[in-house]
Every structure is written in structure tokens, then in C-alpha cells.
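Accompanying notes for the structure given below.
The values are calculated or read from the model by the stated rules, or taken from the named source; none is laboratory data. Remember, predicted model here, so these are calculated numbers, not experimental data. When we count neighbours, we look across all protein chains shown, and the Cβ atoms used for this are built from the backbone with ideal geometry, even at glycine.
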């Protein structure tokens with residue numbers, strides 16, 4: 001490993017966010033006459049959240065229960081939206097959303113199941129529109145055609161799009177209304193979403209009367225052997241810590257509302 005590579009790597013980790021924030025808080029603690037404890041605590045918190053070992057520890061209870069999947073007989077497959085990129089020249093779904101979409105389509109096609117894609121989001125360019133554009137690309141470039149579903153009770157490979165929901169609660173609510181419209185009173189579904197998001201999603205779908213079989217994707221914890229570089233702060237770890245904490249706060253909210 002060359003010295004140039006090591007120096008550039010250290011520069012990236014230590015002098016770009018979030019490592020930069022840790023460095024600045026440490027400097028503030030060394031030179032400030034007041035609030036040293038606050039600056040040291042802030043440096044520690046930023047370092048911890050941007051550390052791969054900590055982010056994996058936070059994600060593990062959310063992801064590990066869903067690593068194994070056993071196929072079952074279900075009525076349909078539901079894919080939850082996960083973001084879109086307006087004006088993208090191709091693949092307008094966000095990376096996580098695209099993983100959900102591709103995995104859901106693969107599972108539905110292999111088991112001849114109807115797909116319900118659920119999600120609009122809060123931006124003008126909806127996640128549903130991004131999903132439809134992405135499926136059009138699959139048909140155009142890979143010749144994977146997904147017929148539109150006219151009736152979810154007709155158990156064949158097809159798709160239906162729900163384009164009103166703004167969050168996971170509304171995903172579950174509007175999904176249930178659609179299944180009721182097609183006469184499926186007690187729907188049993190594969191639920192496809194990111195692994196870290198699955199626990200909260202199951203609780204909400206079960207709250208509305210679904211029997212849920214978790215079919216997770218977009219796993220963030222890597223089983224690769226850790227190296228010394230993983231002790232340094234990184235933006236990927238920081239994002240993963242944020243995702244995990246967001247889910248824990250979401251679960252707490254469900255608990256306080258009596259849903260959990």
C-alpha cells in the first residue's frame with residue numbers, strides 16, 4: 001500500500017465530513033476556555049455515530065431477523081417506495097428504492113404474483129412515477145414486461161401502483177383499502193422493503209389487518225472482515241447510524257400510539 005494512498009485515505013476520513021466535525025470539536029475542546037465538556041461530548045457522539053462498528057451495532061437488531069427468507073403461499077407482493085430523483089436521465093428511483101423494486105419484481109416473477117407498489121412521497125415527482133419510469137426502462141433494455149393488474153385477486157405476475165401515500169403508515173392504510181376493493185378481506189402478502197425498515201413496516205401492515213411475510217432487501221451490514229480503516233469516521237457509517245436511529249424513533253412513536 002503506497003504512502004500516497006494512505007495519506008489520501010487519511011485526508012478523506014479526517015478532513016471531510018463527518019471526520020472534520022470530530023476534528024473541529026476536539027480542537028475546540030483543547031483551546032476553548034468554556035464548554036470543554038460539551039465539545040468533547042460532541043466529538044465523541046460524532047465519532048461514535050460515524051464509526052462502522054457502532055452503526056452495525058445499531059442496525060443489527062433491525063436487520064438480522066430478516067436475513068433468512070422462506071417462500072410461502074401469499075396473495076400478492078407489496079413493494080414500499082423509498083425515494084426518487086427528479087430529472088434523473090435514467091433510473092429515477094433512489095438506490096434503496098431501486099433495490100426494493102428490482103428484488104420485488106424478481107420475486108413476483110419467479111412466483112407468478114401480482115405486485116402492488118405503494119408510495120407517492122412528498123415531492124412533486126412522485127415515487128410511483130419513478131417506479132413506472134424504471135419499469136419502462138426494464139422493458140426497453142432488458143425486455144422484462146410487467147402487465148398492468150386489473151384485479152389483485154387474479155394471482156398472476158402483474159403490477160398495480162398506489163400513488164397517494166406519503167409515509168409508511170399511509171402505505172399500509174391505502175394498501176389495505178386496495179385489497180378490500182378487490183375482495184381480499186384478509187390479505188397475506190410478501191412485504192418488500194429495506195431490511196432496516198422492515199420491523200416498523202410489519203407492525204403497521206399488521207395493524208391494518210395484513211398477514212405479513214417479510215421479504216427484505218437492501219441490507220446495510222456487511223459480513224466482510226473489518227479493517228483498521230473502519231475505526232475512522234465515514235459518511236456511510238454516519239448515514240447508517242441515522243437510518244437506524246430514525247427507525248428506533250419510529251418504533252417508539254408506534255409504541256406511544258398503541259400500534260406496537
Filter the range 1-31 for residues that are touching a helix residue (DSSP H, G or I) at 6+ places or on another chain (Cβ under 6 Å) and over 20 Å from residue 234 (Cα atoms) and give the result.
28, 29
How many residues are loosely packed, with under 13 Cβ neighbours inside 10 Å and either at pLDDT 90 or above or in a helix (DSSP H, G or I) (or both) when one looks only at the range 1-16?
8
For residue 220, indicate whether it is within 30 Å of residue 184 (Cα to Cα) and either assigned to a loop (DSSP other than H, G, I, E, B) or over 14 Å from the mean Cα position of the chain (by Cα) (or both).
no
All positions within the range 138-158 that are within 12 Å of residue 105 (Cβ to Cβ) and either assigned to a helix (DSSP H, G or I) or touching a residue at least 12 places away in the same chain (Cβ under 8 Å) (or both):
138, 139, 142, 144, 146, 157, 158
Can residue 161 be described as part of a strand (DSSP E or B), buried (at least 20 other Cβ atoms within 10 Å of the Cβ) and at negative phi?
yes
Name the single residue, out of those in the range 180-207 being over 21 Å from the mean Cα position of the chain (by Cα) and not in a strand (DSSP E or B), that is nearest to residue 57 (Cα to Cα).
187
Exclusive hit being modelled with pLDDT of 95 or more, surrounded by fewer than 19 Cβ atoms within 10 Å (Cβ to Cβ) and outside the structural domain of residue 95 (by TED's automatic domain parsing), set 50, 41
41
Got a number for residues in the range 61-94 being under 14 Å from the mean Cα position of the chain (by Cα) and touching a residue at least 40 places away in the same chain (Cβ under 8 Å)?
10
Suppose we filter the range 110-136 for residues that are loosely packed, with under 14 Cβ neighbours inside 10 Å and either modelled with pLDDT of 95 or more or assigned to a helix (DSSP H, G or I) (or both); how many remain?
3
Working only within the range 18-61, note down all residues that are over 30 Å from residue 199 (Cα atoms) and assigned to a loop (DSSP other than H, G, I, E, B).
32, 33, 34, 35
Condition check: touching a strand residue (DSSP E or B) at 6+ places or on another chain (Cβ under 9 Å), buried (at least 18 other Cβ atoms within 10 Å of the Cβ) and over 25 Å from residue 140 (Cα atoms). Does residue 75 satisfy that?
yes
